[in-house]
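K.L.:
Dropping a structure here in structure tokens format, bear with me for questions.
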């Protein structure tokens, strides 16, 4: 019998984080609505141990997973087909020199630089709504909007988007990247009425974000570089989804407003 080719390798940075941990379960078919099978072999990279690792996963943890060190990143992406770059300091209050410079600026540059050098086909970069929250909350943001961060953390995400674009432009068509401006990531059961409508309109459930990851990682083959919006199918959308749907085929199923109302009714026994 001839040997079958191994599945392509997906490297997930920030592999011990809450988003990566959920997405690993999604890829394993352990979450409601997840695909029955995954097309990937998985390598999880994080300075912490990855609690969501599955049997057969490769795991790089500890000092060897420090993304601010280019040599570490070059080793982490060897053999990868695609990289999902989630590693970052996610706090809008993070200090630039103490954290953002290494974890969001150097690390993102290193990941994209090393990915191109290793022949990786695509990087999917976890940007943030903070990259455009300088716009008034009454203005619906489109995926094509120029970054307008409202804080330095958001500026670090805008930097990541720009670095992805720069490497795509220099690659001659051999490399592509998609940056996802991710909203407020929340478990379905945790969506509540205790936030303003403006914040509710930014929600994205883990389930919907996983659907968007799937589309960005394995779909949209014609895309060289794009920025897309990552929110659920909310009654009011702070970030428009028209461009994202058209580009990737993303079909979110959750509505944060409806989930909040259902969760509140359930809690009250109604």
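K.L.:
So is residue 10 touching a residue at least 12 places away in the same chain (Cβ under 8 Å) and either in contact with a helix residue (DSSP H, G or I) (Cβ under 9 Å, 6 or more places away or on another chain) or under 20 Å from residue 185 (Cα atoms) (or both) or not?
P.N.:
Spelling it out, residue 10 is indeed touching a residue at least 12 places away in the same chain (Cβ under 8 Å) and either in contact with a helix residue (DSSP H, G or I) (Cβ under 9 Å, 6 or more places away or on another chain) or under 20 Å from residue 185 (Cα atoms) (or both).
K.L.:
Checking residue 157 against (1) part of a helix (DSSP H, G or I); (2) free of Cβ contacts under 8 Å to residues at least 40 places away in the same chain; (3) within 23 Å of residue 92 (Cα to Cα), which single condition isn't satisfied?
P.N.:
Among (1) part of a helix (DSSP H, G or I); (2) free of Cβ contacts under 8 Å to residues at least 40 places away in the same chain; (3) within 23 Å of residue 92 (Cα to Cα), residue 157 violates only (2).
K.L.:
Residues in region 105-124: is at least one surrounded by 17 or more Cβ atoms within 10 Å (Cβ to Cβ) and either at pLDDT below 95 or within 29 Å of residue 236 (Cβ to Cβ) (or both)?
P.N.:
Yes; the residues of region 105-124 include at least one that is surrounded by 17 or more Cβ atoms within 10 Å (Cβ to Cβ) and either at pLDDT below 95 or within 29 Å of residue 236 (Cβ to Cβ) (or both).
K.L.:
Does any residue in region 219-248 that is touching a residue at least 24 places away in the same chain (Cβ under 8 Å) and at positive phi come within less than 8 Å, Cβ to Cβ, of a residue that is in a loop (DSSP other than H, G, I, E, B) and surrounded by fewer than 17 Cβ atoms within 10 Å (Cβ to Cβ) six or more places away or on a different chain, and which pairs are these?
P.N.:
Qualifying pairs under 8 Å: 220/249.
K.L.:
Give the residues of region 185-233 that are part of a loop (DSSP other than H, G, I, E, B) and within 25 Å of residue 161 (Cα to Cα), sorted by residue number.
P.N.:
Once the filter is applied, which keeps residues that are part of a loop (DSSP other than H, G, I, E, B) and within 25 Å of residue 161 (Cα to Cα), region 185-233 yields 201, 202, 219, 220, 221, 222, 223, 224, 231, 232, 233.
For (1) over 23 Å from residue 11 (Cα atoms); (2) in contact with a strand residue (DSSP E or B) (Cβ under 8 Å, 6 or more places away or on another chain), each residue gets a yes or a no:
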| residue | (1), (2) |
| --- | --- |
| 118 | no, no |
| 126 | no, yes |
| 136 | yes, no |
| 139 | yes, no |
| 151 | yes, no |
| 163 | no, no |
| 198 | yes, no |
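K.L.:
Out of the residues in region 252-270 meeting the condition of being part of a loop (DSSP other than H, G, I, E, B) and out of contact with any helix residue (DSSP H, G or I) (no Cβ under 7 Å at 6 or more places or on another chain), tell me which one is nearest to residue 207 (Cα to Cα).
P.N.:
Among those residues, the one meeting the criterion is 255.
K.L.:
Quick one: what pairs do we get from region 13-24, first residue under 18 Å from residue 110 (Cβ atoms), second assigned to a helix (DSSP H, G or I) and at pLDDT 95 or above, C-beta under 7 Å, 6+ apart or different chains?
P.N.:
From region 13-24, the pairs are 13/111; 14/20.
Yes/no per residue for (1) modelled with pLDDT under 95; (2) out of contact with any strand residue (DSSP E or B) (no Cβ under 7 Å at 6 or more places or on another chain); (3) under 14 Å from residue 181 (Cα atoms); (4) surrounded by 21 or more Cβ atoms within 10 Å (Cβ to Cβ):
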| position | (1), (2), (3), (4) |
| --- | --- |
| 195 | yes, yes, no, no |
| 203 | no, no, yes, yes |
| 212 | no, no, yes, yes |
| 219 | yes, yes, no, no |
| 225 | no, no, yes, no |
| 229 | no, no, yes, yes |
| 232 | no, no, yes, yes |
| 240 | no, no, yes, no |
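Okay, residues lined up against (1) surrounded by 18 or more Cβ atoms within 10 Å (Cβ to Cβ); (2) part of a loop (DSSP other than H, G, I, E, B); (3) out of contact with any strand residue (DSSP E or B) (no Cβ under 8 Å at 6 or more places or on another chain):
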site	(1), (2), (3)
35	no, yes, yes
43	yes, no, no
51	no, yes, yes
64	no, no, yes
68	no, yes, yes
83	yes, no, no
88	yes, yes, no
91	no, yes, yes
100	yes, no, yes
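K.L.:
Return the residues of region 20-33 that are assigned to a helix (DSSP H, G or I) and in contact with a helix residue (DSSP H, G or I) (Cβ under 7 Å, 6 or more places away or on another chain); say none if nothing qualifies.
P.N.:
Correct list: 22, 23, 26.
K.L.:
Residue check: is residue 111 assigned to a strand (DSSP E or B), under 30 Å from residue 33 (Cβ atoms) and touching a strand residue (DSSP E or B) at 6+ places or on another chain (Cβ under 7 Å)?
P.N.:
Criteria not met by residue 111.
K.L.:
How many residues does region 144-193 hold that are out of contact with any helix residue (DSSP H, G or I) (no Cβ under 7 Å at 6 or more places or on another chain), crowded, with 21+ Cβ neighbours inside 10 Å and over 15 Å from residue 19 (Cβ atoms)?
P.N.:
1
K.L.:
Has region 175-191 got any residue that is over 12 Å from the mean Cα position of the chain (by Cα) and at pLDDT below 95?
P.N.:
Looking for residues that are over 12 Å from the mean Cα position of the chain (by Cα) and at pLDDT below 95, one finds none in region 175-191, hence no.
The values are calculated or read from the model by the stated rules, or taken from the named source; none is laboratory data. Note that the structure is predicted; figures quoted are calculated from it, not measured. With ideal geometry, Cβ positions are generated from the backbone for all residues, glycine too; neighbour counts draw on all protein chains shown.
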